[in-house]
Amino acid sequence: MHVISKVKLREFWVQHADSEDALNDWYHFASKSQWSNLLDVQQKYPKAESVGNFTVFNIKGNNYRLIVDIRYSSQTIFIKYILTHAEYDKERWKDDPYF
């Protein structure tokens with residue numbers, strides 16, 4: 001999978017340093033993966049779920065949520081949002097027109 005873009009991950013962990021290792025681990029694994037569907041994703045990340053058009057990953061023991069748009073046909077992951085659990089619960093990210 002081609003992940004676009006690691007810059008968003010880096011920007012987040014500058015603000016939330018405790019997320020760096022978990023986000024780096026996710027990035028390295030996802031970059032080497034060839035997922036065809038959500039079931040493939042859930043083999044490594046069993047709690048990953050589809051919410052609207054996005055896939056949501058729990059990061060660092062569910063302290064953070066990584067929200068991505070996975071395009072299986074082109075093997076591309078677009079990082080949309082990285083949120084604290086509290087920010088995620090406010091559901092403002094659902095205002096995204098692609099949701």
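Laboratory data are not the source of any read-out in this text; all were calculated from the coordinates shown. No experiment lies behind these values; they were computed from the predicted model shown. Glycine also receives a Cβ, built like all others from the backbone with ideal geometry; neighbour counts cover every protein chain displayed.
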Where labels lie 7 Å past Cα in the beta-carbon direction, separation of Arg10 and Phe78 in nm
2.2 nm
Just to be sure I follow the rule: in the chain, considering lysines 8 or more places apart or on different chains, how many pairs have Cα atoms under 24 Å apart?
28
Charge dipole of the chain built from unit charges on the beta carbon (Lys, Arg +1; Asp, Glu -1), centred at mean Cα; most positive-end Cα among Phe12, Phe57, Ser74 is Ser74
Hey, what do the phi angles of segment 90-99 turn into as Karplus ³J(HN,Hα) couplings, whole Hz, using 6.51/-1.76/1.60 and θ = phi - 60°, x for Gly and Pro?
6, 6, 5, 5, 6, 6, 4, x, 7, 4
Quick calc: nm separation of the 7 Å Cα→Cβ label points for Arg92 and Leu39 -> 3.8 nm
Contact order relative to length for segment 47-99, counting C-alpha pairs under 8 Å separated by 6 or more residues, stands in percent at 27 percent
All Cα pairs of segment 34-99, percent lying beyond 18 Å
32 percent
Which trypsin sites (Lys or Arg not before Pro) from segment 58-99 combine a DSSP loop assignment with at most 11 other Cβ atoms within 10 Å?
Lys90
Tally the DSSP beta bridges in the chain and give the antiparallel ones as a percent, rounded to 5.
85 percent
List, in order, the whole-Hz ³J(HN,Hα) value for each residue of segment 61-77 obtained from phi through the Karplus relation with A = 6.51, B = -1.76, C = 1.60 and θ = phi - 60°; use x for Gly and Pro.
x, 6, 6, 10, 10, 9, 10, 10, 10, 9, 9, 4, 5, 9, 6, 10, 10
